[in-house]
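Novice: Structure incoming, see below.
The values are calculated or read from the model by the stated rules, or taken from the named source; none is laboratory data. None of these values were measured; they are calculated from a predicted model. Neighbour counts run over all protein chains shown; Cβ positions are idealised from the backbone, glycine included. For accessibility, only protein heavy atoms count, side chains too; no ligands or nucleic acids. Shrake-Rupley method; radii C 1.70, N 1.55, O 1.52, S 1.80 Å.
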Amino acid sequence: CICNYQVYYGTKTSPEEFYVETKDEVGPVNVYATTKVSMEKTLEDLLPSNSVLLRSSIILGPEAPFGGAHQTFLHFCSSREGLSTDYFDDECRSVVAVSDVVAVLQHFVAPGNVAKETAGIYNMGGQDRTSRYDMALAVAERFQFDKQFVVKKQKSSMPPGNVPSPLDISMDSTKLAKILGREAFKGLEDIVNETFPPNTKRP
């Protein structure tokens, strides 16, 4: 089951701290996250030995090979050449590559890979703590855009919106990566290069 990273409080104070599913309690701050926590509890109660719950971060990657699918935030950044745009640098996530998500799903749908030993909750995010400002800079670097148009802004300095959202929900996904025989999932640089391979035309 695909769950969501929003289940965490988002109040870590140290940049070295990441949310760990085996250590940190959930603390939803909006209705959406509350429903995700309820779903997790329901599945764990009903299928304690036969369910896998993946707390996914923001999924990034190439455009889908079929029509009708929306683009990712990286594609938005690539469309802003020469246009001054504000990006939050204090709202951080562990963005994850769609290729890593597919690998995880393929693993768990294979016969015999969901059992009492592997059932449970997993964080599913990349290895980097990443802000939208970081993403915009990485895309600008990839296409050699003028970075003066990538403007840093703090979400914490703005009036609260109608729907509260945690500032920093960076997650440690080591537990899940090891299930797939890896040390970690892709970081931002690899995700950008995967999204925009060498033959990608400049937007």
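Novice: Cα to Cα, under 19 Å, and not fewer than 8 places away if on the same chain: which aspartates and glutamates meet these conditions relative to residue 116?
Specialist: List returned: 21, 40, 44, 45.
Novice: Run the dipole for the chain about the Cα centre, Lys and Arg Cβ at +1, Asp and Glu Cβ at -1, nothing else charged, and hand back the magnitude in debye, nearest 20.
Specialist: On the way: 21 positive and 26 negative charges, 65 e Å.
In total the dipole reaches around 320 debye.
Novice: Around residue 6, under 11 Å between beta carbons, what's the net of Lys plus Arg minus Asp minus Glu among the other residues?
Specialist: Its environment carries a net charge of +3.
Novice: For the stretch 1-49, just the Cα atoms, rotate onto the principal axes and tell me the three extents in Å, largest first.
Specialist: Over the stretch 1-49, Cα extents along the principal axes are 36, 25, 15 Å.
Novice: If I model a spin label as a point 7 Å beyond the Cα along the Cα-Cβ vector, how far apart are those points for residue 143 and residue 75 in nm?
Specialist: Roughly 1.3 nm, to one decimal.
Novice: Moving on. Subtract the Cα-Cα distance of residue 109 and residue 38 from 0.36 nm times their separation in residues, and report this length gain in nm to one decimal.
Specialist: Fully extending the segment from residue 109 to residue 38 adds 23.2 nm.
Novice: Can you give the calculated 222 nm mean residue ellipticity of the chain, where each DSSP H run of n ≥ 4 adds -39,500 (n - 2.57) and the sum is split over every residue, rounded to the nearest 500 deg cm²/dmol?
Specialist: Values: 6 runs with 60 residues, N = 203.
Calculated mean residue ellipticity at 222 nm is -8500 deg cm²/dmol.
Novice: Restricting to Cα pairs below 8 Å that are 6+ residues apart, what does the relative contact order work out to for the chain? Please round to a whole percent.
Specialist: 31 percent
Novice: Calculate the spin-label point distance for residue 45 paired with residue 200, positioning each point 7 Å from the Cα along the beta-carbon direction, and give it in nanometres.
Specialist: 4.4 nm
Novice: Filter 41/152; 23/147; 12/41; 12/201 down to the pairs with a C-alpha to C-alpha distance above 29 Å, please.
Specialist: Beyond 29 Å: 41/152; 23/147; 12/201.
Novice: Relative contact order of the stretch 97-203: what whole-number percent is it, with Cα pairs under 8 angstrom and at least 6 residues apart? Working shown, then result.
Specialist: Details: 70 pairs, mean separation 42.8, N = 107.
It rounds to 40 percent for the stretch 97-203.
Novice: Given points 7 Å out from each Cα along the Cα-Cβ axis, report the residue 178 to residue 30 separation in nanometres with one decimal.
Specialist: 3.3 nm
Novice: Another question, if that's okay. Could you work out what % of the accessible surface of the chain is carbon and sulfur, using a 1.4 angstrom probe and leaving DNA, RNA and ligands out of the count?
Specialist: Whole-percent figure for carbon plus sulfur exposure: 54.
Novice: Here is a follow-up. Leaving out ligands and nucleic acids, note down the accessible area per residue over the stretch 33-153 with a 1.4 angstrom probe, in whole Å².
Specialist: So the stretch 33-153 comes to 50 Å² accessible per residue, rounded to a whole number.
Novice: When the solvent-accessible surface of protein heavy atoms is calculated with a 1.4 angstrom probe, in what order do 168, 89 fall, highest first?
Specialist: So, going from the largest accessible area down, we get 89, 168.
Novice: Any chance you could look up the accessible area of residue 92 with a 1.4 Å probe, heavy atoms only, rounded to 10 Å²?
Specialist: In the full protein context, residue 92 sits at about 20 Å².
Novice: Given a Förster distance of 25 angstrom, what is the FRET efficiency for residue 64 paired with residue 23, based on the Cβ-Cβ distance and rounded to 0.05?
Specialist: Plugging the Cβ-Cβ distance into 1/(1 + (r/R0)^6) gives 0.10.
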